[in-house]
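The block underneath contains the structure these notes are about, expressed in C-alpha cells.
The values are calculated or read from the model by the stated rules, or taken from the named source; none is laboratory data. What you see is a predicted model; the values in this text were computed from it and never measured. Counting neighbours? That spans all protein chains shown, and the Cβs are built from the backbone with ideal geometry, glycine included. For the accessible areas, the whole protein counts, side chains as well, though only heavy atoms, and no ligand, DNA or RNA atoms are used. Shrake-Rupley method; radii C 1.70, N 1.55, O 1.52, S 1.80 Å.
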Amino acid sequence: MYTTFYNLREEPFRLTSDPRFFHLSEPHAAALASLIEAVMRRKGFVLMTGPIGTGKTTVVHTALQILSERATTAHPISSAFILNPTLSREEFLETILTEFEIPCMGNSKPARLSALQQMLLDTQRRGGTSLLLVDEAHLLSPELLEEIRLLSNADTYQEKLLQIVLCGQPELLGILRKPEMRALRQRVASSCLLRPLNLAEVRAYVAERLRSAGFRGAASLFPTQVLQEIVRLTEGVPRLINLLCDACLTNGYKARRPVIDLLTVEEAASELGLHEAQIEQANEGNGAGSAGITGGTEVVRDDEIGSALDRLVQAMKKRSAFVRVADAIRPDMSIKKQVAVAVSAMQEKDPVGNKIIESAVDVLVQAMKLHRTSSMEL
C-alpha cells in the first residue's frame, strides 16, 4: 500500500524470517557466532535466551541456513526443529524421530531410542552433524528437560553425537537454576543472551531493512528524534520495532507525509496499544528492555569471527535478493524444510553465488579454528 509512495520495492518490516532482511546487530551477531561455533565444534549443549521479540527464532533460522550451506557431502547435517515443546515424553520422542525422518519398526521407547542412536552414529561416521533445535524451551516440563539431558549423553570417546540448542525466554534460566536441574545445567557448554537494541543499533536496523526493501533516498524516512521515540516506545525489541515502523509507514502514506514525524509515531503507537503495554510493564516491574536480566552471558564475539560472519551473511543476502525462491516454499512447510528448499534452489540457480558463499563459510570455519586454538593456548 505505501511502497510506491516511499519508493520501496516491498514492505521492509514484515514479521518473517526472510534472510534478505536479516540484520546482524551486535547481540545477534554474538549469539549467531556462538551458536554456529558450538555446533561446528560439537560442544553438545547450547543455550540461547532473550526477552519476547528479540529475535531468537530468527537467529536459529539463520544458523540453520548457514549450517545447511556448509552441508556438502563431506559435512552433511541432519536436523530436528521442535517449535512447540508442550508434549509428553512419548510425543516428544516421536516428534524427534519424525523431524529427523528416522524410520522405526516399533512404537516402544527402546525401539525409538535404538533407531535414534543408530541414526546419530551413521551421521557421525559420514562426518556429519546431528542437530536438535528446541524453540520456546522455557515451556519444557521438568520431565522433558530430563529426557533431553539423557539424550545429551549420546557420544563417542571423541565427541557428542547430538548437538542440542535450547532457545527460550529468560524464564528458562530460572528453571535451570533449580537444584533438581543441576545435572542438566552442568551439561551446558555454551550460552548466550539476546538483549533489546540500543539507539545506534535501532538506527542501523531500520536503515538496513529499508535498504533491503529498495529504499535509496539520501535522507532517512525516520529522523533521529523519531528513532529515539521508537526506541522509547518499543524498548528496542525488534518485533515491536517492525510493528511500529510498519504502522508509521502506513499512517504516513495515508497522511501523505514524505518523512515520518513524531505525530505519525504517536498515532501508530496508539493504534498498536504500545502506551498501554508500557503501563502494564511498569506496574509489573518487568520491562522488556531491563538490563537486570541475569543468568545468561552475552557472548562478545571475536573480531575475526565477527568479520567472517558479516561477510557470509552479506553474501547470503545478496544471493537471496538475486534468486527468489518464494514459489518453491509452501506455507505448510516446517522451518527446517523451508531452509532446505531455499538453499537447494539457490545453489542450483546461482553457481557463482555458491562459490562466494563457500569461500565465506571457509573463512568463518578457519576463524573459528584460530579462535579455538588461541583460547586453548590461554
Worksheet item: What about residue 114, is it within 18 Å of residue 44 (Cβ to Cβ), at pLDDT below 95 and of a type in the set (Ser, Thr, Tyr)?
Response: no
Fill in: Pairs, first open to solvent by 50 Å² or more (accessible area, probe 1.4 Å) in segment 336-348, second of a type outside the set (A, V, I, L, M), C-beta under 6 Å, six or more apart
347/354
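Would a scan of segment 154-164 turn up a residue that is part of a helix (DSSP H, G or I), in contact with a strand residue (DSSP E or B) (Cβ under 7 Å, 6 or more places away or on another chain) and more than 28 Å from residue 8 (Cβ to Cβ)?
No: segment 154-164 contains no residue that is part of a helix (DSSP H, G or I), in contact with a strand residue (DSSP E or B) (Cβ under 7 Å, 6 or more places away or on another chain) and more than 28 Å from residue 8 (Cβ to Cβ).
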Discussion item. If residue 99 meets every condition in (1) exposed (fewer than 14 other Cβ atoms within 10 Å of the Cβ); (2) in contact (Cβ under 8 Å) with a residue 12 or more places away in the chain apart from one, which number is that one?
Written reply: (1)
Discussion item. Filter segment 104-145 down to the residues that are in a loop (DSSP other than H, G, I, E, B) and within 21 Å of residue 64 (Cβ to Cβ) and list them by number.
Written reply: 126, 127, 128, 135, 136, 140
Discussion item. Just to check your reading of the model, which residue among 55, 50 is in contact with a Lys or Arg (Cβ under 7 Å, 6 or more places away or on another chain), at pLDDT 85 or above and buried (at least 19 other Cβ atoms within 10 Å of the Cβ)?
Written reply: 50
Worksheet item: Got a sec? Which helices (runs of 4 or more DSSP H) wholly within segment 263-378 have at least 2 residues that are more than 21 Å from the chain's Cα centre (by Cα) and at pLDDT below 75?
Response: 274-284, 335-349, 351-377
Worksheet item: So how many residues does segment 211-231 have that are at pLDDT 95 or above, assigned to a helix (DSSP H, G or I) and not acidic (Asp, Glu)?
Response: 7
Item to complete: Scan segment 71-96 for residues that are open to solvent by 40 Å² or more (accessible area, probe 1.4 Å), part of a helix (DSSP H, G or I) and closer than 20 Å to residue 167 by Cβ and jot them down.
Response: 91, 95
